[in-house]
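Reading through the structure tokens given below for one structure.
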Amino acid sequence: MLKMKEINFFHGLGLCWVLCLTACQKNASSSENKPAMQQRPAYAIAIHGGAGTLSRANMTPEKEAAYRSALDSALIIGETVLKNGGTSLDAVEKTITYLEDCPLFNAGRGAVFTHDGRNELDASIMDGTTQKAGAVGGVSIVKNPIQLARAVMDKSPHVFLTGRGAEQFAIEHQIDTIDPKWFFTPERWQTLQEMLAEEKKAGPTGELDPALRDYKFGTVGCVALDAQGHLAAGTSTGGMTNKRWNRLGDSPVIGAGTYASDDACAVSCTGHGEFFIRYAVAHDVWALMSYKNLSLEEAANFVVRKKLVEKGGEGGLIAVDKAGNIALPFNSEGMYRGYAKPGERKVMIY
Ligand code: ASP
């Protein structure tokens, strides 16, 4: 039998051991955390305004200045949210709302026309923390489809709503609806007319003039990392000029055009949607990081510059990882894009 004195001795020894262990663990975890905290910027945000819609030959200095200034303004909107402690989701939604209202980009106001002369808009958003997502496809009366996608995520049990049902949901949830004339821009109308004329010449199975292919794409997107380390991604588009039969591209498809997960990265894509759907491009970047331990840059470059090129899929993507690294690869002639971190803001086209 142990005497009381001995019990106290062992008890004291045990307590010392526990205290020592706790102190050591504390030290270890604070020294582990330090570099990560130093490395991760307070926020990071990246945007795109579409790839493949542009070529140097079609660009004038005035047009270029207008695009640069719109991209810069969009970044400032997102940065302001993040600098004020807002969430990455809010930054993504607000930034995309601005880009949707700008007629320069193929999303919202500047959406391209379908074969039948309508505008059918698609958008999606994903929360990297909860992995919740919302998406809408083929809506024609919703002023800002990204806001509707957010409402689908926040206020419905579903992920993806389309057409009339999505519009009904918008009305029921007081999302701004508008006369479809709002989406009429003469430049996009002219592009459709040129494509229709070209199609007539080429016949139903003929190849289009490559110069016209430049006009096919366009989309806007945003990815962000906030001060809490949460990631979000969103994408919005009018799709491809001359699309038919209620065609949907990758932009509203979670895993294809948009993906976010706090454990790795947030991704938004732009380009020839059929390829981005087939190869689950946004999710593929996440998968390469998660399962193969690739860095963001390696994963994004592999998917865009190797895999998509081999398969014939034109376009690009923007991505941010949990450490605030940014990647903006594309395999087309250019991609309207930009990024910002504390003390750094840049927009680029080619
Ligand atoms: N990915 C979009 C679509 O296929 C178009 C684009 O991003 O340019 O609808």
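The values are calculated or read from the model by the stated rules, or taken from the named source; none is laboratory data. Bear in mind that the values here come from a model prediction, so they are computed numbers and not experimental data. Using ideal geometry, Cβ is built from the backbone for each residue, glycine included, and neighbour counts are taken over all protein chains shown.
Among the aliphatic types (A, V, I, L, M), in a helix (DSSP H, G or I), surrounded by fewer than 17 Cβ atoms within 10 Å (Cβ to Cβ) and at pLDDT 95 or above: which single residue out of 309, 303 fits that description? Before the answer, list the steps.
Details: 303 fails: surrounded by fewer than 17 Cβ atoms within 10 Å (Cβ to Cβ).
Exactly one of 309, 303 is among the aliphatic types (A, V, I, L, M), in a helix (DSSP H, G or I), surrounded by fewer than 17 Cβ atoms within 10 Å (Cβ to Cβ) and at pLDDT 95 or above, namely 309.
Considering only residues that are free of Cβ contacts under 8 Å to residues at least 60 places away in the same chain, in contact with a helix residue (DSSP H, G or I) (Cβ under 9 Å, 6 or more places away or on another chain) and surrounded by fewer than 20 Cβ atoms within 10 Å (Cβ to Cβ), which ones fall in region 155-169? Quick ask: steps written out before the conclusion?
The initial filter retains those residues of region 155-169 that are free of Cβ contacts under 8 Å to residues at least 60 places away in the same chain, namely 155-158, 161, 164-169.
After this cut, where a residue has to be in contact with a helix residue (DSSP H, G or I) (Cβ under 9 Å, 6 or more places away or on another chain) as well, the list is 155-156, 158, 161, 166-167, 169.
Result: 155, 156, 158.
Output the residues belonging to region 264-299 that are in contact (Cβ under 8 Å) with a residue 12 or more places away in the chain, more than 16 Å from the ligand (Cβ to nearest atom) and in contact with a Leu (Cβ under 9 Å, 6 or more places away or on another chain).
Within region 264-299, 264, 265, 266, 288, 289, 299 qualify.
Confirm whether residue 241 is under 14 Å from the mean Cα position of the chain (by Cα), near the ligand (Cβ under 10 Å from one of its atoms) and either at pLDDT 95 or above or of a type in the set (S, T, N, Q) (or both). Steps first, answer last, please.
Values: under 14 Å from the mean Cα position of the chain (by Cα): no; near the ligand (Cβ under 10 Å from one of its atoms): yes; either at pLDDT 95 or above or of a type in the set (S, T, N, Q) (or both): yes.
No: the conditions fail for residue 241.
Looking only at region 240-292, filter to residues that are assigned to a helix (DSSP H, G or I) and of a type in the set (A, V, I, L, M); which one of those is farthest from residue 44 (Cα to Cα)? Full working, then the answer.
First, pick out the residues of region 240-292 that are assigned to a helix (DSSP H, G or I): 273-278, 281-292.
With the extra rule that they be of a type in the set (A, V, I, L, M), the set shrinks to 277, 281-282, 285, 287-289.
Details: 277: 27, 281: 22, 282: 18, 285: 18, 287: 21, 288: 21, 289: 19 Å.
Result: 277.
Any idea how many residues of region 41-93 are in a strand (DSSP E or B) and either within 16 Å of the ligand (Cβ to nearest atom) or surrounded by fewer than 21 Cβ atoms within 10 Å (Cβ to Cβ) (or both)? Show your work before the answer.
Taking region 41-93 first, the residues in a strand (DSSP E or B) are 44-51.
Cutting the leftovers down to either within 16 Å of the ligand (Cβ to nearest atom) or surrounded by fewer than 21 Cβ atoms within 10 Å (Cβ to Cβ) (or both) gives us 46-51.
So the answer is 6.
In region 123-170, how many residues are under 27 Å from residue 322 (Cβ atoms) and of a type outside the set (Phe, Trp, Tyr)? Steps first, please.
Taking region 123-170 first, the residues under 27 Å from residue 322 (Cβ atoms) are 123-135, 146-147, 149-154, 159-160.
Add one more test, that the residue is of a type outside the set (Phe, Trp, Tyr), and what stays is 123-135, 146-147, 149-154, 159.
Number of matching residues: 22.
Going by the conditions given, is residue 99 crowded, with 21+ Cβ neighbours inside 10 Å and part of a helix (DSSP H, G or I)?
Details: crowded, with 21+ Cβ neighbours inside 10 Å: yes; part of a helix (DSSP H, G or I): yes.
So residue 99 passes the test.
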